[in-house]
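Derivation of every value follows stated rules applied to the coordinates shown; laboratory data play no part. Note that the structure is a prediction, hence the values are computed from the model and not measured. Methodologically, a virtual Cβ is constructed for each residue, glycine included, from the backbone with ideal geometry; neighbour enumeration extends over all protein chains shown.
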């Protein structure tokens, strides 16, 4: 039987934990679209889930090769959204980690920070543009619709900061740990 859960996550590790908790309850992810998780019944704890922001678009040659490599290791690609890949592996096969060392984990966090930074800059630009055009429109007697759009863009920018700052902190911690190990 299929189960649909609608949730939004801004932290991929919390999303990963959610998917693994659902697996422990006997639900296997079969599809994902924007904030919509589709599960089917499965034995409790059958799968371990991992998420990854790929370096390239999902349909690129590089990503297809990487997905093939993951399949060879026993992981299955369940769903993709934009450049995010949702992998799972049978729990019976043992531990499932995508990142084998600190460098690969740091690189992944920096990829996410880079994407969020671009989205942050874009939202700030859209917000400022709409604020100025909204002020001009309001001065000429038009409704301030652009000002409302700018407020939404600024709220999204603030939410992105709540993603970027903790990831920066994790990167700093991992880089310190890397220095200690060397």
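Quick look at the numbers
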read-out	value
Enclosed volume per residue, in Å³, of the convex hull spanned by Cα atoms of region 2-93	86
Helix 61-72 axis, angle to the chain major axis (alpha carbon atoms, nearest 10°)	30
Sum of -39500 (n - 2.57) over DSSP H runs of 4+, divided by residues of the chain (222 nm, nearest 500)	-19500 deg cm²/dmol
Degrees separating the helix 145-181 axis from the principal Cα axis of the chain, which is the longest one	40
Neighbour-count ranking [beta-carbon atoms within 10 angstrom, fewest first] of 35, 116	35, 116
Cα-based helix-to-principal-axis angle, 102-139 vs the chain, degrees rounded to 10	20
